[in-house]
Amino acid sequence: MNKRAKGVTVWFTGLSGAGKTTVALEIEKILKEMGYYTQRLDGDIVREKLTKDLGFTKEDRNKNIERNTFVAKILTDNDIITLCSFISPYKSAREYARKEINQVGDFVEVFVDTPLEVCEKRDVKGLYKQARKGEIDNFTGISDPYQEPENPDIILKTAQETIQESAKIVIDYLKKINTIK
Ligand code: ADP
């Protein structure tokens, strides 16, 4: 039987290739096995649909976060455990998301703190290579800023932890704040 959680948005922020999607997928798997309703919102996927018209200027990135926050808020209000994976490099945009989501439920900011060198070495999508060659503008960490969270709820160090270890840290936190049992 599916179980209802207390509404929460878990917001993963970090550089491209930091591990936001990978860890969120692992958490989604665990939560589904436990019987909880959960929904992922992933930057790469929503940018193909919901925010297809947007680029990577500060203005467009903020619009991307605003629209996704709107969706996450609806899901959270319906007690779905919402897992958001967006680079979300600007502190103000993450604060906006927290403020909105907090009107209906909990907001857990997860800083996926993976050094640029590690992300660049992973280069999952070959984007760092292209950015270094100057083929991509506004690339976070190379030609665009990333404002590190000053006071995140959780910090994941994916360069040192396994995917399962990172996922467990988040699951344990959700138990601690009574989102899940
Ligand atoms: P992001 O969503 O932050 O852009 P991805 O999840 O797409 O990052 O890519 C992260 C890459 O790093 C994946 O290829 C993943 O397999 C790898 N990786 C290696 N170790 C870890 C770890 N401990 N946690 C998360 N990802 C890891």
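The values are calculated or read from the model by the stated rules, or taken from the named source; none is laboratory data. Keep in mind the model is a prediction, meaning the values are calculated, not measured. Note that we place each Cβ from the backbone using ideal geometry, even for glycine, and neighbour counts take in every protein chain shown. Quick note on the areas: whole protein, heavy atoms, side chains included, nothing else; ligands and nucleic acids left out. Shrake-Rupley method; radii C 1.70, N 1.55, O 1.52, S 1.80 Å.
Figures for the structure shown
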| item | result |
| --- | --- |
| Leading residue by the ranking (nearest to residue 177 (Cα to Cα)) among those in segment 51-81 that are open to solvent by less than 30 Å² (accessible area, probe 1.4 Å) and part of a loop (DSSP other than H, G, I, E, B) | 51 |
| Cross-chain or 6+ apart pairs with Cβ under 8 Å, segment 19-45 first and among the small types (Gly, Ala, Ser), then part of a helix (DSSP H, G or I) and open to solvent by 50 Å² or more (accessible area, probe 1.4 Å) | 19/163 |
| Residue ID - most open to solvent (accessible area, probe 1.4 Å), chosen from residues in segment 1-26 that are within 13 Å of the ligand (Cβ to nearest atom) and of a type in the set (A, V, I, L, M, F, W, C) | 25 |
| Qualifying positions in segment 128-159 - buried (at least 16 other Cβ atoms within 10 Å of the Cβ), part of a helix (DSSP H, G or I) and not aromatic (Phe, Trp, Tyr) | 131 |
| Candidate set: segment 35-50, residues that are open to solvent by 50 Å² or more (accessible area, probe 1.4 Å) and not in a strand (DSSP E or B); chosen: the one nearest to the ligand (Cβ to nearest atom) | 44 |
| One residue from 125, 121 being outside any loop (DSSP other than H, G, I, E, B) and either open to solvent by less than 30 Å² (accessible area, probe 1.4 Å) or within 14 Å of the ligand (Cβ to nearest atom) (or both) | 121 |
| Residue, farthest from residue 116 (Cα to Cα), within segment 160-181, restricted to residues that are open to solvent by 50 Å² or more (accessible area, probe 1.4 Å) and hydrophobic (A, V, I, L, M, F, W, C) | 169 |
| Given (1) surrounded by 14 or more Cβ atoms within 10 Å (Cβ to Cβ); (2) closer than 27 Å to residue 163 by Cα, index of the condition residue 29 fails | (1) |
| Output for segment 82-107, where each listed residue is open to solvent by 40 Å² or more (accessible area, probe 1.4 Å), of a type in the set (Lys, Arg) and either at pLDDT below 95 or more than 23 Å from residue 175 (Cβ to Cβ) (or both) | 91, 99 |
| Candidate set: segment 14-34, residues that are aliphatic (A, V, I, L, M) and in a helix (DSSP H, G or I); chosen: the one farthest from residue 79 (Cα to Cα) | 23 |
